[in-house]
Amino acid sequence: MIRMIVHGLTIDPASNSPILILKDPEGDRTLPIWIGLLEATAIASELESVSFSRPMTHDLMRNLLESTHCTVSRVEVTDLKDNTFYAVIHLTGAEGELAVDSRPSDAIALALRTEAPIFVADEVLERSSSESSGDGEEVEKKYKDLLESLDPNEFGKYKM
């Protein structure tokens with residue numbers, strides 16, 4: 001597992017879909033994950049420290065965990081199959097440890113709210129560049145170019 005951080009959010013210019021960018025803080029490896037608009041909004045609101053008068057879904061999840069004395073020990077992006085990412089939220093509580101299946105976007109939105117570390121399996125990083133409908137090297141170059149062309153000042157400015 002490689003420890004990653006949320007580098008930011010951007011928009012895929014071809015599909016107008018939100019992309020969550022995870023980055024290895026000690027290297028140059030990145031992982032783009034296409035996510036839904038609602039999940040992007042949940043992540044962006046936390047990155048931008050936007051507060052709401054009532055708890056949003058991931059805030060509610062954090063509040064439920066806190067009230068039951070559970071903590072999020074870590075989240076892991078564990079697999080990539082047919083262009084779909086899989087994640088696990090690891091919880092620790094009075095009953096011990098529990099692993100809960102999750103979409104990566106929800107796991108990461110919760111990790112941001114609980115300051116839990118985010119990890120990505122090595123195999124996911126390796127497969128993410130080759131699992132596509134086109135030539136793996138061509139797709140990897142396309143998204144590497146896209147990520148390198150992004151202005152870091154634009155991260156966190158995702159419009160809600």
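What follows draws every value from the coordinates through simple rules; no lab data is involved. Remember, predicted model here, so these are calculated numbers, not experimental data. Reconstructed Cβ throughout: ideal geometry from the backbone, glycine too, with neighbour counts over all protein chains shown.
When a/c is below 1.5 the answer is rounded, else prolate if a/b is larger than b/c, else oblate, so apply that to the range 15-93 with a ≥ b ≥ c taken from the square roots of the Cα gyration tensor eigenvalues.
The shape class here is oblate.
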Query raised in the report: What is the local net charge at residue 42, summed over the other residues whose Cβ is closer than 13 Å to its Cβ (Lys, Arg +1; Asp, Glu -1)?
Result: -2
Requested in this report: Determine the gain in length on full extension of the stretch residue 101-residue 38; use 0.36 nm per residue of separation and subtract their C-alpha separation, reporting nm with one decimal.
Outcome: 20.8 nm
Query raised in the report: Gap in Å between the Cα centre of the range 102-132 and the Cα centre of the range 3-36?
Result: 10
Report task. Putting +1 on Lys and Arg Cβ atoms and -1 on Asp and Glu Cβ atoms, find which of 89, 99, 53 reaches farthest to the positive end of the dipole of the range 48-119. Result -> 53
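Could the peptides 39-49, 76-86 be put in order, highest first, of the mean number of other beta-carbon atoms found within 10 Å of their residues?
39-49, 76-86
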